[in-house]
Amino acid sequence: MNKIMRWPLAPLAEQSSKQNLRTRHRARPRRATLIAGTLMVCVAPHALAAERLAQRLEPRITVAPSIVAVAASQVPIPIDVGPAQALPRLSFVRLRGLPPFVALTEGHSVGPGSWAIPLNALSKLRANVPAGVAARAELAVALVNIDGTPLAETKTLLIVRSAVPAATADLALGAQANEVAELAPPPAPAPKSVSPSRAPRAAGQNAPAERLLAQGERYLAQGTVAGARLFFRQAADAGLAAGAVRLGATYDPNELAKLKVQGIVADVAEARRWYERARELGAADAEQRLARLGGR
């Protein structure tokens with residue numbers, strides 16, 4: 001009778017289970033490597049895009065390498081900031097290094113040669129350059145946060161070139177008139193002599209100074225008192241009584257209250273000085289303005 005061999009099934013099952021376990025353990029590192037590689041492929045483009053977006057959102061400020069201005073003119077100051085999403089609320093542009101005789105049409109002075117300009121005024125920003133000046137100045141331009149922290153900085157060179165005075169033609173005409181006067185018979189003597197320093201000039205007799213006065217009035221109408229003072233001073237120095245009156249008014253607390261300007265401090269001593277100069281030049285209302293200053 002043939003014997004039937006019976007193999008034990010439990011050892012075989014245990015051995016097969018161990019082999020399968022070893023196979024699964026060997027496969028796990030491969031799967032982990034494959035998953036990590038897949039994640040890197042998927043995440044890398046997004047990380048790169050995020051980095052590029054962050055670079056695009058970094059605040060920046062740009063300005064022309066140099067700005068050329070001519071004396072007795074107004075020149076644009078092209079400053080660009082961006083991007084809009086990266087600009088903090090209430091940030092502003094700070095400009096330093098302006099020559100003392102140059103004033104800006106926007107913003108306000110925060111120190112000698114230093115101005116603060118709101119961002120919404122950059123498109124209208126211009127520099128007022130008076131007559132008879134020339135200079136080269138390096139300007140430091142910065143985008144500044146409300147707490148004073150610089151966010152971006154750059155520099156530009158301001159070149160102010162002297163121009164042929166607008167009064168050249170007037171002087172030439174005046175010389176011709178003097179030559180004709182020398183050939184004409186002498187005029188009859190005036191019934192009463194008037195001191196030249198107190199005789200007010202008739203309209204049109206000091207055309208260059210009147211142009212300076214008109215330019216100052218335009219700046220004053222815009223609320224740019226510092227720029228207006230520059231032109232009023234030049235008109236007064238040219239002997240125009242109205243220039244001295246208007247310059248004194250920019251320091252007069254009574255007049256500044258009417259203008260309702262902000263950031264301008266009255267100076268009674270300066271107001272009195274220029275009103276007295278206007279009186280010397282023959283301004284009819286100078287005495288009344290001095291009286292209003294009183295004992296201030």
Residue match in segment 267-275 (condition: β-branched (Val, Ile, Thr) and either more than 24 Å from residue 212 (Cβ to Cβ) or in contact with a strand residue (DSSP E or B) (Cβ under 8 Å, 6 or more places away or on another chain) (or both)): yes
Unique match (being surrounded by 15 or more Cβ atoms within 10 Å (Cβ to Cβ), at pLDDT 85 or above and more than 16 Å from residue 102 (Cβ to Cβ)) among 135, 127, 142: 142
Any chance residue 278 is under 18 Å from residue 220 (Cβ atoms), more than 31 Å from the chain's Cα centre (by Cα) and not basic (Lys, Arg): yes
Those residues of segment 216-228 which are touching a residue at least 40 places away in the same chain (Cβ under 8 Å) and part of a helix (DSSP H, G or I), in sequence order: 219, 226, 227
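Matching residues to (1) touching an Asp or Glu at 6+ places or on another chain (Cβ under 9 Å); (2) of a type in the set (A, V, I, L, M); (3) modelled with pLDDT of 85 or more:
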residue: 181; (1), (2), (3): no, yes, no
residue: 200; (1), (2), (3): no, no, no
residue: 204; (1), (2), (3): yes, no, no
residue: 232; (1), (2), (3): yes, no, yes
residue: 242; (1), (2), (3): yes, yes, yes
Residue tally, condition part of a loop (DSSP other than H, G, I, E, B), modelled with pLDDT of 90 or more and in contact with a Phe, Trp or Tyr (Cβ under 9 Å, 6 or more places away or on another chain), over segment 79-105: 1
Leading residue by the ranking (farthest from the chain's Cα centre (by Cα)) among those in segment 49-62 that are modelled with pLDDT of 90 or more and not charged (D, E, K, R): 59
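Can you find a residue that is more than 23 Å from residue 209 (Cβ to Cβ), under 28 Å from the mean Cα position of the chain (by Cα) and not in a helix (DSSP H, G or I) anywhere in segment 242-260? Can you show your working first?
Applying the first criterion (more than 23 Å from residue 209 (Cβ to Cβ)) to segment 242-260 yields 253-254, 256-258, 260.
Among the residues that remain, those that are also under 28 Å from the mean Cα position of the chain (by Cα) are: 253, 256-258, 260.
Then keep just the ones that are not in a helix (DSSP H, G or I); that gives 260.
Yes: one or more hits.
Within the bounds of segment 82-93, is there any residue that is under 14 Å from residue 224 (Cβ atoms), in contact (Cβ under 8 Å) with a residue 12 or more places away in the chain and in contact with a Lys or Arg (Cβ under 8 Å, 6 or more places away or on another chain)?
Residues of segment 82-93 under 14 Å from residue 224 (Cβ atoms): none.
There is no residue in segment 82-93 that is under 14 Å from residue 224 (Cβ atoms), in contact (Cβ under 8 Å) with a residue 12 or more places away in the chain and in contact with a Lys or Arg (Cβ under 8 Å, 6 or more places away or on another chain).
The values are calculated or read from the model by the stated rules, or taken from the named source; none is laboratory data. Computed from a predicted model, the values in this text were never measured in an experiment. All Cβ positions, even for glycine, are placed from backbone atoms using ideal geometry, and neighbour counts span all protein chains on display.
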